[in-house]
Structure formats: C-alpha cells, structure tokens
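Scroll down for the structure; my scribbles are underneath it.
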C-alpha cells in the first residue's frame, strides 16, 4: 500500500479533531470457547499478531480486511476501541493545547494497548506532522488509510443492506470525522440480520443531510459477552 500525502486527508484530520474537541454471544457459546482450550485461543492471537507485525512494518501486501477480522477473533479485541482507553482524552487535550510532543506520548499509550484505534492513528498523523516527524507520520497515515479503505469497501452506508461494517467505537467515530461530517442525530436500529448505528449527518461543504448506517453487530455481541462475564 502506498503512503500518500493528500491535502484533503490532512484537512479531514483537522476537521475531525475540531469536531471532537468541540463536542468534547450467549453462555453456551462462551462454554464452547472455554472447552476449545487455550491452544485455539493462542492460534487466534498468533494470527492477529502476525498480521499486526506486517502492519507495523508497513507491508505493501497486508490485507486490512484480514487484519480486522483477526483482531475481532483474538482475545485482545476491544469493541470500544478508544472510549475506554487511557491516553485518548489526554491526546485530544494535547492537540487543543498545541503540545504535539506530549500528544505523541499519549498516542503511544493508547496504541500500546490497542494498535487498532483509528482515532489514535488519526491524532498521530496530525501531531507527527506538526512535530516534523515524517517517518512516524507515515506509520500513522499507513494505518489510517488502510483502515479507512477496509471500512469503505464494506458498503456505502446508505441503507441497512449496504451498511458500513465497523468493529469498534473508535473506527466508527474516526471514520465519520475523517469524512468531515457533522453528526446531527444518532440511534440504534435492528433487523433480523444485525444491529446498526444510524447517524443523521450533514456535509458542511455541500449542506447535504442524509443517513449513514453502520453494522455494529460484532461490537454489541462482544460487549454483551464482556458485561456478562
């Protein structure tokens, strides 16, 4: 995957951050997982870790769809992906205070426990660029572009049938804000195939308002399992 430096991308990051600062499976399944034993779980973690190593090496052949699937299937999966991660609020605050070196320390804190946080990499692009750390900016940009392309390839978001598939709260929030969209309303809707986050958004440039749908079934399923344990 090529590392691209787009003016529009950087603008989207700034718009997204400004928006944030302004707003500043059942028992039987769990039992089956336990009976499968630690070897299966270790295999799952190993697949995620193998692909994650490729990501950290900026592999041009990495399949981000496979990386995201392996993450969800691993024991390291965090369906919140940002909301409950120490360091993320502090990173936003550092951006507001123009403390970009301090910002990167907080980004490192987030990524140490969840390298898949789209928001953390989004902030990392901005703070690395403002700190003139181009090598680090490329690493964060690689993750942002790869994750965004993977989400965009899952649908167009205009209906439940063609909903974007997101795997964490951080993905969903980061995706919307990188698109430069304003969220007007948000609600949860259901059908026989899944659970969806419906967002009524406005494009500040065109003034257009429309609904975007995100399939968040995986997040809900794992979140409920964690709450029940």
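Spin-label pair residue 56-residue 156: with each label point 7 Å from Cα along the Cα-Cβ axis, the two points sit 3.9 nm from one another.
Most exposed first by the Cβ proxy, i.e. fewest other Cβ within 10 Å, how do 168, 94 rank?
Ranking 168, 94 by Cβ neighbours within 10 Å, fewest first, gives 94, 168.
When both the stretch 87-160 and the stretch 201-216 are represented by their alpha-carbon centers, they are found 22 Å apart. Taking the number of Cβ atoms within 10 Å of each Cβ as an exposure proxy, the fewest-first ranking of 151, 123, 188 is 188, 151, 123. Where the alpha-carbon atoms of the stretch 54-155 are placed on the principal axes, they occupy 36, 28, 25 Å, in descending order.
Multiply the residue gap between residue 46 and residue 86 by 0.36 nm, knock off their C-alpha separation, and tell me the result in nm, one decimal place. Display every interim value, and only then the final one.
Details: separation 40, 0.36 × 40 = 14.40 nm, distance 2.48 nm.
Stretched out fully, the residue 46 to residue 86 stretch lengthens by 11.9 nm.
Read-outs: derived from the displayed coordinates by stated rules, not from any lab. Computed from a prediction, not measured in an experiment: that's the story for all the values here. FYI the Cβ positions are ideal-geometry reconstructions off the backbone, even for glycines, and counts take in every protein chain you see.
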